[in-house]
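Participant: This structure is in structure tokens; I'll ask about it shortly.
The values are calculated or read from the model by the stated rules, or taken from the named source; none is laboratory data. Because the structure is a prediction, the values reported are computed rather than measured. Heads up, the Cβs are rebuilt from the backbone with ideal geometry, glycines too, and the neighbour counts pull from every protein chain shown. SASA here: full protein model, heavy atoms, side chains in, ligands and nucleic acids out. Shrake-Rupley method; radii C 1.70, N 1.55, O 1.52, S 1.80 Å.
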Amino acid sequence: MMRLLALVLVFLVTGCVTVAKVDKGQQIVQGRLVVELEGPWNQFASVGQAQIPTWTIDGFSVDRLQFFVGVTDGAVLVPAQPGAKDQRPLVFRAQMQPHEIVALYETYLTRDGSAFKLDRLEPIQFLGGQGFRFAYLLTRRMDGVQLSGVGYGAVRGGELFGIVYQAPRLGFFPRYSKQIETMALSARLN
């Protein structure tokens, strides 16, 4: 019963958000990040209090692709959320190392009590230079669903650029992971 109630709440909350269609082909996110899409997505202007561009194929509560574009030194990545376990605003610092950026993202995902496990963190070429890739597992607190996630990030000129995708571990994540990897590794700055 609680799971059903949680899912209904998610649908009600996301129903109040503006959604736009993003067609396949070249797309520019927030005027700065160019990505090439193999298929169409649905785009949310923002999610909750966080002003993070978020896209989905199968629905916001199923899969989500988030973009962190040009986050400047000292900028709040995600504001404090009322009722969250951790009330601190999540602030990006340009001197952060990849593991610190991933820890910041982990805090964002686990504020509701969800469980995060970093599976892998490795250096890669991203956005034309040195970047990083991380993979994680997340058990969502509200419904117990196990999600897999992958993120790509880099700091360029003191700004953070990142692409993070997550979906249920069985079925949805494997269905789109190659498409996400192709899109992320071909991304470039505008």
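Participant: Please find, among 142, 183, the residue that is farther than 25 Å from residue 30 by Cα, of a type outside the set (Ser, Thr, Tyr) and not in a strand (DSSP E or B).
Facilitator: On the way: 183 fails: farther than 25 Å from residue 30 by Cα.
After applying the criteria, what remains is 142.
Participant: Next question, about the same structure. Within the range 175-183, can one find any residue that is under 20 Å from residue 65 (Cβ atoms), charged (D, E, K, R) and surrounded by 18 or more Cβ atoms within 10 Å (Cβ to Cβ)? So that I can check it myself, show each step before the final result.
Facilitator: Quick first cut of the range 175-183, residues under 20 Å from residue 65 (Cβ atoms) only: 175-183.
If we keep only those that are charged (D, E, K, R) too, we end up with 175, 178, 181.
Imposing the further condition that a residue be surrounded by 18 or more Cβ atoms within 10 Å (Cβ to Cβ) reduces the set to none.
No, that holds for no residue.
Participant: In the range 160-172, what count of residues is obtained for those that are under 21 Å from residue 146 (Cα atoms), at pLDDT 95 or above and among the small types (Gly, Ala, Ser)?
Facilitator: Here the count works out to 1.
Participant: Counting only residues that are out of contact with any Lys or Arg (no Cβ under 9 Å at 6 or more places or on another chain), at pLDDT 90 or above and outside any loop (DSSP other than H, G, I, E, B), how many does the range 28-75 have?
Facilitator: 8
Participant: Let me ask another. Does the range 103-116 contain at least one residue that is assigned to a loop (DSSP other than H, G, I, E, B), in contact (Cβ under 8 Å) with a residue 12 or more places away in the chain and in contact with an Asp or Glu (Cβ under 9 Å, 6 or more places away or on another chain)?
Facilitator: Scanning the range 103-116 turns up at least one residue that is assigned to a loop (DSSP other than H, G, I, E, B), in contact (Cβ under 8 Å) with a residue 12 or more places away in the chain and in contact with an Asp or Glu (Cβ under 9 Å, 6 or more places away or on another chain).
Participant: Restricting to the range 103-138, give me the number of residues that are acidic (Asp, Glu) and open to solvent by 70 Å² or more (accessible area, probe 1.4 Å).
Facilitator: The first filter runs over the range 103-138 and keeps only residues acidic (Asp, Glu), leaving 106, 112, 119, 122.
Add one more test, that the residue is open to solvent by 70 Å² or more (accessible area, probe 1.4 Å), and what stays is 112, 119.
Residues meeting the conditions: 2.
Participant: Select from the range 151-160 the residues that are in contact (Cβ under 8 Å) with a residue 24 or more places away in the chain and farther than 18 Å from residue 103 by Cβ and write down the one among them that is nearest to the chain's Cα centre (by Cα). Steps first, answer last, please.
Facilitator: Kept after step one, since they are in contact (Cβ under 8 Å) with a residue 24 or more places away in the chain, are these residues of the range 151-160: 151-156, 158-160.
Adding the requirement that they be farther than 18 Å from residue 103 by Cβ leaves 156, 158-159.
Details: 156: 18, 158: 20, 159: 17 Å.
Step by step, filter the range 151-160, then rank; the result is 159.
Participant: Tell me which residues, restricted to the range 139-163, are farther than 18 Å from residue 188 by Cα and either open to solvent by 10 Å² or more (accessible area, probe 1.4 Å) or of a type in the set (Gly, Ala, Ser) (or both).
Facilitator: Correct list: 139, 140, 141, 142, 143, 144, 145, 146, 148, 149.
Participant: Then there's this: Within the set of pairs 6+ apart or on separate chains, which have a first residue in the range 173-190 that is at pLDDT 95 or above, a second that is among the polar types (S, T, N, Q) and surrounded by 13 or more Cβ atoms within 10 Å (Cβ to Cβ), and C-beta atoms under 7 Å apart?
Facilitator: Final answer for the pair search is 173/148.
Participant: Filter the range 87-102 down to the residues that are assigned to a loop (DSSP other than H, G, I, E, B) and open to solvent by less than 50 Å² (accessible area, probe 1.4 Å) and list them by number.
Facilitator: Of everything in the range 87-102, those that are assigned to a loop (DSSP other than H, G, I, E, B) and open to solvent by less than 50 Å² (accessible area, probe 1.4 Å) turn out to be 92, 94, 96.
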